[in-house]
Number of protein chains: 4
Amino acid sequence: MTIEFVPEDENYREKVAKSFDRQRAMKTIGITLEEISPGRVVLNMPYNEAYTQQHGFVHAGILSTALDSACGYAAFSLMPEEAAVLSIEYKVNLLAPAKGEKFIITGQVLKAGRTLTVCQSEAYAVSEGKKKLVAQMTGTMMTIIGRKGINQ
Amino acid sequence: MTIEFVPEDENYREKVAKSFDRQRAMKTIGITLEEISPGRVVLNMPYNEAYTQQHGFVHAGILSTALDSACGYAAFSLMPEEAAVLSIEYKVNLLAPAKGEKFIITGQVLKAGRTLTVCQSEAYAVSEGKKKLVAQMTGTMMTIIGRKGINQ
Amino acid sequence: MTIEFVPEDENYREKVAKSFDRQRAMKTIGITLEEISPGRVVLNMPYNEAYTQQHGFVHAGILSTALDSACGYAAFSLMPEEAAVLSIEYKVNLLAPAKGEKFIITGQVLKAGRTLTVCQSEAYAVSEGKKKLVAQMTGTMMTIIGRKGINQ
Amino acid sequence: MTIEFVPEDENYREKVAKSFDRQRAMKTIGITLEEISPGRVVLNMPYNEAYTQQHGFVHAGILSTALDSACGYAAFSLMPEEAAVLSIEYKVNLLAPAKGEKFIITGQVLKAGRTLTVCQSEAYAVSEGKKKLVAQMTGTMMTIIGRKGINQ
């Protein structure tokens, strides 16, 4: 998918990075923002036993945390300066056990609308230099302007 | 919804509790197992700033972590003794900002099949004694028997 | 689920019935509107071989057609007089083969918002007087006001 | 996405075409099978007023009918000779009003497993020679072997 998007806010990189930094969950889990381009971000997440399920794989919800932030910031990169972003809904398919040394998560806008933006994100497990697709998300993100308590 | 289910394993309570205890992510986030009955579980999750998104609400992915475990253990409670459970896919709708003192998460089997079990879970924020529905999940869980590396 | 909703338009019944009548797909497939109450509708669909898949069950997409209309009109019943409704997204779980003499489809609002309304609908197959749940949908519906080409 | 798949049944083209022909819903709606390759199919659907919703767009459920068959046959093309295919669940995002002269629907396998296959499909509206993405589906398809009443 190579869709060209033009961000409404020319300072979209700073805006995305600043908001990402305010997501305490990212810092706690160790998820980092690696790349930002219009309508697309790449995140990195380490494998951490503290966030595993009963078989030692990363918990699906923790993967979802990274996938959701990837969708949210891909969408946010295209939104106007004064907008905030909220996740409305998402669907995750778990394609393979989430084990590996680390995970690369890519988020990409599929359709940007005035109110709603539909995004897709993928999580790849990296193990001994090989990448394997382990989960896929499709989500709907909402542009929020002027709602009390929801600033950028 | 009041569907009566009969668990295949009479020791379903012990089995569910034991597997839940092995989910490191539950301990790390502070999610606890409060109730177990056939095809149904109730979890509790504290509000914790360490797991918030940019507006101070609990991150959607952290809510999903609790919702997914609720679905998984509701399903697991009905499975045969030798079975393990894996999440195949889920869909989450975020209905209101996830803020509150704590969260109550209920998981319920909708349809139990031999291979696949469909569950629904709800997350309620509790604030000053009032419960508010903040998120809903529908998910598909798989019964795994005899697969290498996937024990109970 | 017994949530009490107050429709914004007191003529919600007429409004829903009139819009439903303009859905040509309903007439073509034979889906009828049986009940309307605030935030809830009930539809009926006959079994028709013309809409089956390769095993003689009703095609999942045809079930979705009824489930989506049920969600849409449950949402529409609560919307203001000048609003139109559009489906944004939905998720369907197919729980059992869709065979039977006819199908009853119930749609129910879970959360009504100013812009977005989340609904759930269920399809039951009726066979020899017995009802069986065969499919479940969760969907997001949007309130559209003043958009060109999208009238009621 | 360019994933290389090897079908388990060398007569996958005949198998897919034959099963598609038995889907009465395809014939009734006028959906045709245009291309088959390993893990991928392309369908065509005419615009037909008989299947519209209240604004004259193709009903989301009718689009879902084509999207679901595209997912199902993309998956089926990779399955063993003796297998049948059933849809387990899917999620649809409606990205733009479904209006146009006709629709092209592509289905593609994302991950093929022994029991479950995850697919994605897209619907494009064609109008005055231009293609526009109007809907996207992610779905899970099941390989069924030896279940009574579910032949190929």
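Every read-out reported here was derived from the displayed coordinates using simple, explicitly stated rules and does not represent laboratory data. None of these values were measured; they are calculated from a predicted model. As a convention, Cβ positions derive from the backbone with ideal geometry for all residues, glycine included, and neighbour counts pool all protein chains shown.
Can you give the local net charge around residue A:27? Use residues other than it whose beta-carbon is closer than 13 angstrom to its beta-carbon, Lys and Arg +1, Asp and Glu -1.
Summing Lys/Arg as +1 and Asp/Glu as -1 gives 0.
Cut-off is 10 Å between beta-carbons; in what order do D:143, B:117 appear when sorted fewest neighbours first?
D:143, B:117
With each run of n ≥ 4 DSSP H residues scored as -39500 (n - 2.57), what mean residue ellipticity at 222 nm is computed for chain A after dividing by its residue count and rounding to the nearest 500 deg cm²/dmol?
Helices in chain A give a 222 nm mean residue ellipticity of -7000 deg cm²/dmol.
Once you list every other residue whose beta carbon is under 11 Å from the beta carbon of residue A:100, what net charge do they have if Lys and Arg are +1 and Asp and Glu are -1?
So the environment of residue A:100 carries a net charge of +3.
When a/c is below 1.5 the answer is rounded, else prolate if a/b is larger than b/c, else oblate, so apply that to region B:1-48 with a ≥ b ≥ c taken from the square roots of the Cα gyration tensor eigenvalues.
It is oblate, given that a/c is not under 1.5 and a/b is not larger than b/c.
Report, in degrees rounded to the nearest 10, the 0 to 90 angle that the Cα long axis of helix A:60-76 makes with the longest principal axis of chain A.
30 degrees
With Cβ to Cβ distances under 12 Å as the rule, what net charge do the other residues near residue D:90 carry (K, R +1; D, E -1)? Could the numbers behind the result be given before it?
Numbers: positive: A:91, B:91, C:91, D:91; negative: B:89, C:89, D:68, D:89.
Here the count lands on 0.
Measuring label to label, 7 Å along Cα→Cβ, what does residue C:10 give against each other copy in nm, shortest first?
Going from nearest to farthest copy, the values are 5.5, 6.3, 7.5 nm.
To one decimal in nm, how far is residue D:133 from the same spot in the other copies, if labels go 7 Å from Cα toward Cβ? Please give the shortest first.
Those separations, rounded to one decimal, come out as 1.4, 3.2, 3.4 nm.
Tell me the Kirkwood radius of the protein assembly as shown: reciprocal of the mean inverse pair distance over distinct alpha-carbon atoms, in Å. Display every interim value, and only then the final one.
On the way: mean 1/r = 0.0413 Å⁻¹.
Mean inverse Cα-Cα distance, inverted, gives 24.2 Å.
If neighbour count is taken as other Cβ atoms inside 10 Å, put D:52, C:32, D:65 in order from fewest to most.
Placing the least packed residue first, the sequence is C:32, D:52, D:65.
For chain D, what percent of Cα pairs sit more than 22 Å apart?
Summing the P(r) of chain D above 22 Å gives 36 percent of all pairs.
Could you tell me the distance between the Cα centroids of region C:38-80 and region D:75-152, to the nearest Å?
Taking the Cα centre of region D:75-152 as reference, the centre of region C:38-80 is 19 Å away.
When a/c is below 1.5 the answer is rounded, else prolate if a/b is larger than b/c, else oblate, so apply that to region D:78-152 with a ≥ b ≥ c taken from the square roots of the Cα gyration tensor eigenvalues.
prolate
Among chain D residues, which Cβ is nearest the axis of the D-onto-A rotation, and at how many Å?
So the chain D residue sitting closest to the axis is D:91, 2.
Restricting to DSSP loop positions (anything but H, G, I, E, B) with no more than 15 other Cβ atoms inside 10 Å of their own Cβ, which GluC sites (Glu not before Pro) remain in region A:75-107?
Taking region A:75-107 and a limit of 15 other Cβ atoms within 10 Å, the loop GluC sites (Glu not before Pro) found are A:81, A:82, A:101.
As an exercise, identify the trypsin sites (Lys or Arg not before Pro) in region D:53-123 lying in DSSP coil whose Cβ has no more than 11 other Cβ atoms within 10 Å.
Sites meeting the loop and neighbour criteria: D:114.
Just to verify a number: FRET efficiency for residue D:147 and residue D:27, C-beta to C-beta distance, R0 = 25 Å, to 0.05?
Efficiency at R0 = 25 Å is approximately 0.50.
What is the magnitude of the charge dipole of region D:5-152 about its Cα centre, with +1 placed on the Cβ of each Lys and Arg, -1 on the Cβ of each Asp and Glu, and no other charges, expressed in debye to the nearest 20?
My answer is approximately 260 debye.
Please arrange C:118, A:58 by counting, for each residue, the other beta carbons lying within 10 Å of its beta carbon, fewest first. Numbers along the way, then the final one.
Working: C:118 23, A:58 28.
Fewest to most other Cβ atoms nearby, the residues stand as C:118, A:58.
Once the label point is placed 7 Å from Cα along Cβ, list for residue D:50 the distances to the corresponding points in the other copies, in nm, shortest first.
Copy-to-copy label distances for residue D:50: 0.5, 6.2, 6.2 nm.
Give me the angle, in degrees from 0 to 90, between the Cα long axis of helix B:12-22 and the longest principal axis of the Cα atoms of chain B, rounded to the nearest 10.
The helix B:12-22 is inclined about 60 degrees to chain B.
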